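Colleague: My structure is below; once you've seen it, I'll send some questions.
The values are calculated or read from the model by the stated rules, or taken from the named source; none is laboratory data. Because the structure is predicted, anything quoted here is derived from the model rather than measured. Cβ placement follows ideal geometry from the backbone for every residue including glycine, while neighbour counts extend to all protein chains displayed. We work out accessible area using only protein heavy atoms, side chains counted, and drop any ligands, DNA or RNA first. Shrake-Rupley method; radii C 1.70, N 1.55, O 1.52, S 1.80 Å.
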Amino acid sequence: MLYRLEAKQVVKIRVASNDCTLDAGGLPFFWLTGVKPTDSIALLTTYVRNSDFDDHGDRRPGNGALTAIALHADASADRALESFVTPEQREGLRRQAGFWMGAARGKAGLTVLQHMAKTDPSSDVRAHVAFALSVSHEAGALDEMIRMAHDDTSSHVRGQALFWLAQKAGRKAVGTITGAIENDPDTDVKKKAVLRSASCRRMKVCRS
């Protein structure tokens, strides 16, 4: 984990693998060892909470800090990420933290995403949860996407769940997509389901 400081302020945080060759460009480089994961995550959390994730920028320290937390092999990372997706947090932070729950936190992340999918008050965040579920490798992620496509109160969320289902799933998603074509009350969702069904056929995932 690398911190770049300018004028005694952290201006960038990034993660590098052990086999990455680092070039500091002639700048002083200080390597710290022996840091406890809980202490590392506690420090990174301060940068996450002080960042504005709604400005769509990816160069702020908070973005790198969030990534670094997600990649920690420690249970305290799960607790930190879960604290970022509570309803009182800003939507941008909830969206980004939800993504990392699906991408990096395995079963613990899936549990949080399942809760977000049912309880987050923002349809935009729930739509992003559908994407986060699509990048999860946990078996239950697909079932939750199917539930969202059937049951979410927002047509936007149902449409996004259908879209990501078509990208992720094979035969298990076909019934959901077909059901949306036949039964969903929203015309836009029906249109999206038809497009997803056509996409399935082109990719031959609907072949019996």
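Colleague: Please tell me if GLY98 is open to solvent by less than 80 Å² (accessible area, probe 1.4 Å) and farther than 17 Å from MET116 by Cα. Working first, answer last.
Modeller: Working: open to solvent by less than 80 Å² (accessible area, probe 1.4 Å): yes; farther than 17 Å from MET116 by Cα: no.
So GLY98 does not fit the description; no.
Colleague: What about ASP78, is it in contact with a Lys or Arg (Cβ under 7 Å, 6 or more places away or on another chain) and of a type in the set (Asp, Glu)? Break it down into steps so the answer makes sense when it comes.
Modeller: Working: in contact with a Lys or Arg (Cβ under 7 Å, 6 or more places away or on another chain): yes; of a type in the set (Asp, Glu): yes.
Spelling it out, ASP78 is indeed in contact with a Lys or Arg (Cβ under 7 Å, 6 or more places away or on another chain) and of a type in the set (Asp, Glu).
Colleague: Here is a further query. Restricting attention to the stretch 107-136, report how many residues are among the basic types (Lys, Arg) and buried (at least 16 other Cβ atoms within 10 Å of the Cβ). Talk me through it step by step, then tell me what you get.
Modeller: The initial filter retains those residues of the stretch 107-136 that are among the basic types (Lys, Arg), namely 107, 118, 126.
Next, only the ones that are buried (at least 16 other Cβ atoms within 10 Å of the Cβ) stay: 126.
The total comes to 1.
Colleague: With respect to ALA139, is the statement that it is buried (at least 22 other Cβ atoms within 10 Å of the Cβ) and either more than 23 Å from SER51 (Cα to Cα) or without any contact (Cβ under 8 Å) to a residue 12 or more places away in the chain (or both) true?
Modeller: On the way: buried (at least 22 other Cβ atoms within 10 Å of the Cβ): no; either more than 23 Å from SER51 (Cα to Cα) or without any contact (Cβ under 8 Å) to a residue 12 or more places away in the chain (or both): yes.
Here the answer is no, as ALA139 does not meet what is asked.
Colleague: Take the stretch 5-64 and flag every residue that is of a type in the set (A, V, I, L, M, F, W, C), more than 14 Å from ALA80 (Cβ to Cβ), outside any loop (DSSP other than H, G, I, E, B) and open to solvent by 70 Å² or more (accessible area, probe 1.4 Å). Break it down stepwise before answering.
Modeller: Going residue by residue through the stretch 5-64, those that are of a type in the set (A, V, I, L, M, F, W, C) are 5, 7, 10-11, 13, 15-16, 20, 22, 24, 27, 29-32, 35, 41-44, 48, 53.
If we keep only those that are more than 14 Å from ALA80 (Cβ to Cβ) too, we end up with 5, 7, 10-11, 13, 15-16, 20, 22, 24, 27, 29-32, 35, 53.
Those left that are additionally outside any loop (DSSP other than H, G, I, E, B): 5, 10-11, 13, 53.
If the condition is that a residue be of a type in the set (A, V, I, L, M, F, W, C), more than 14 Å from ALA80 (Cβ to Cβ), outside any loop (DSSP other than H, G, I, E, B) and open to solvent by 70 Å² or more (accessible area, probe 1.4 Å), then LEU5 is the only one that fits.
Colleague: Within the stretch 73-131, restricting attention to residues that are in contact with a Leu (Cβ under 8 Å, 6 or more places away or on another chain) and not aliphatic (A, V, I, L, M), which residue is nearest to TRP164 (Cα to Cα)?
Modeller: In this case the residue turns out to be GLY102.
Colleague: Can you name the residue in the stretch 113-162 that is hydroxyl-bearing (Ser, Thr, Tyr), outside any helix (DSSP H, G or I) and more than 12 Å from the chain's Cα centre (by Cα) and is also nearest to PHE99 (Cα to Cα) among such residues?
Modeller: Taking the stretch 113-162 as the starting set, the residues that turn out to be hydroxyl-bearing (Ser, Thr, Tyr) are 119, 122-123, 134, 136, 153-155.
If we keep only those that are outside any helix (DSSP H, G or I) as well, we get 122, 136, 153-154.
Subset that is more than 12 Å from the chain's Cα centre (by Cα): 122, 153-154.
Working: SER122: 15, THR153: 21, SER154: 20 Å.
Selected residue: SER122.
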